[in-house]
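A short write-up of the structure that comes next.
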Amino acid sequence: MHEQLIFTMTWFHLLIYFLPLSIILLFLWPRLWHHLLSMFFGIIAGMVNAQSQEVQLTVLLLLVFGLFMGFNQPFKAWRWGLLLGVFVPLFAISSILESSAADKMITEIVFAAIAIVPAMIGVYVGVLLRSQARAGVNEKG
């Protein structure tokens with residue numbers, strides 16, 4: 001089987017297993033909702049990054065997902081940026097290991113680790129929008 005197909009099948013099935021595990025965790029600890037959603041968004045961004053040659057879509061996804069998470073839960077927003085951004089390097093490592101391209105490992109991991117930057121930017125733009133929206137509501141109300 002082709003390495004890319006194995007990679008896609010493996011991570012897609014792990015994402016499917018993430019759903020029932022999330023249901024169980026949310027039933028036991030409802031406060032994990034934001035953490036699990038950030039992880040899910042991060043996994044999606046990591047999969048997209050591993051499947052494409054260009055980074056624009058990955059950066060856009062991290063910015064948008066970060067914006068939503070920061071707006072929705074501004075308290076300790078750095079967590080959402082880390083949970084979003086950490087999966088891009090993890091998927092890069094996994095993709096490199098499955099393709100046996102170990103000579104590119106260091107450069108790919110360094111560039112993938114930079115994915116935390118757009119995730120953090122998106123999160124803190126969301127926090128800023130939330131604070132501005134609340135300030136506008138308080139002035140009108």
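Just so you know, all these numbers are worked out from the coordinates, no wet-lab data involved. Note that this is a predicted model, so its numbers are computed, not measured. When we count neighbours, we look across all protein chains shown, and the Cβ atoms used for this are built from the backbone with ideal geometry, even at glycine.
Any idea what the relative contact order of region 3-140 is, in percent, if you count C-alpha pairs under 8 Å spaced at least 6 apart? Please report the intermediate quantities before stating the final value.
Details: 174 pairs, mean separation 41.5, N = 138.
Relative contact order of region 3-140: 30 percent.
Over all pairs of different C-alpha atoms in the chain, the reciprocal of the mean inverse distance, the Kirkwood hydrodynamic radius, equals 16.0 Å. Sorting Val125, Val86 by the number of Cβ atoms found within 10 Å of their own Cβ, with the fewest placed first, yields Val125, Val86.
Work through the residues other than Phe91 whose Cβ is under 13 Å from its Cβ and net out their charges, Lys, Arg +1 and Asp, Glu -1.
Values: positive: none; negative: Glu98, Glu108.
Net charge in that neighbourhood comes out at -2.
Along the charge dipole of region 1-121, Cβ charges K/R +1 and D/E -1, which of Ser100, Gly70, Trp11 sits furthest on the positive end? In region 1-121, that residue is Gly70. Could you please state, rounded to a whole Å, how far the C-alpha centre of region 12-62 is from the C-alpha centre of region 114-134? Their Cα centres are 18 Å away from one another.
Think of each Lys and Arg Cβ as +1 and each Asp and Glu Cβ as -1; about the Cα centre, that makes the dipole of the chain roughly 740 debye. Counting neighbouring Cβ atoms within 10 Å and putting the fewest first, the residues Ser22, Ser100 line up as Ser100, Ser22.
Helix by helix through the chain, keep the DSSP H runs that span 20 Å or more along the axis on Cα and average at least -0.5 on Kyte-Doolittle, and give those back in order.
The qualifying helices are 3-28, 33-51, 56-72, 116-140.
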